[in-house]
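Asks: I am attaching a structure below and will ask some questions about it afterwards.
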Amino acid sequence: MPRVTVSDEIAAPIEKVFALFTDIEHGTDRVSSIKEVELLTVGKFGPGTRWRETREVLGRLDSAEMEVTSFEANRTYTITHHKLGTRIDTVFSFEPTGRGTKVTIDFDLESPGMPPGILAPLGWAIAGKVREVLGHDLADLKGAAEHGPK
């Protein structure tokens, strides 16, 4: 599947935006597709933080265990999870701009053992849906940063 990238500028300082994006405990208050969050570790958000997230995807509830696999405060972090033998990495990047913060989300999945050409047609279809979901998540979080929770 091709890498999927979405980005937007949020009219808020980088520290506020980063804190909001990493406040996993309140994800259901800010992202409309997140229906439940169960924290699996205690402490501040950072490498090794884990949680189970239940989302509505294509009209069905789907749960996944997420883990922070890289972290640099107010700059970037990576969330990794595995689904059906596939590793999924989502990288969140934050850059200050003259009017606020540019947020970029890169989604990449790695399916070891499958020849690349076999999944190519399906990959493009999945990429479109992933782009739509990430775009909605980013819009929800932008709204929360600029105007408060949904």
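The values are calculated or read from the model by the stated rules, or taken from the named source; none is laboratory data. Remember, it's a predicted structure, so these values are computed and weren't measured experimentally. So basically every Cβ, Gly included, is an ideal-geometry build from the backbone, and we count neighbours across all protein chains shown. All accessible areas refer to the heavy atoms of the entire protein, side chains included, with ligands and DNA or RNA removed. Shrake-Rupley method; radii C 1.70, N 1.55, O 1.52, S 1.80 Å.
Asks: So which residues in segment 49-75 are assigned to a strand (DSSP E or B) and under 18 Å from Val130 (Cβ atoms)? Working first, answer last.
Replies: Residues of segment 49-75 assigned to a strand (DSSP E or B): 50-57, 60-72.
The answer is Glu53, Thr54, Arg55, Glu56, Val57, Arg60, Leu61, Asp62, Ser63, Ala64, Met66.
Asks: Name, by its number, the condition in (1) farther than 18 Å from Asp137 by Cβ; (2) open to solvent by 60 Å² or more (accessible area, probe 1.4 Å) that does not hold for Arg3.
Replies: So Arg3 meets the others, but not (1).
Asks: In segment 89-122, which residue that is open to solvent by 90 Å² or more (accessible area, probe 1.4 Å) and touching a strand residue (DSSP E or B) at 6+ places or on another chain (Cβ under 6 Å) is modelled with the highest pLDDT?
Replies: Ranking the qualifying residues of segment 89-122, first place goes to Glu95.
Asks: Another one. Can you name every residue in segment 10-54 that is of a type in the set (D, E, K, R), touching a residue at least 24 places away in the same chain (Cβ under 8 Å) and closer than 15 Å to Thr76 by Cα?
Replies: Within segment 10-54, Glu15, Lys16 meet the criteria.
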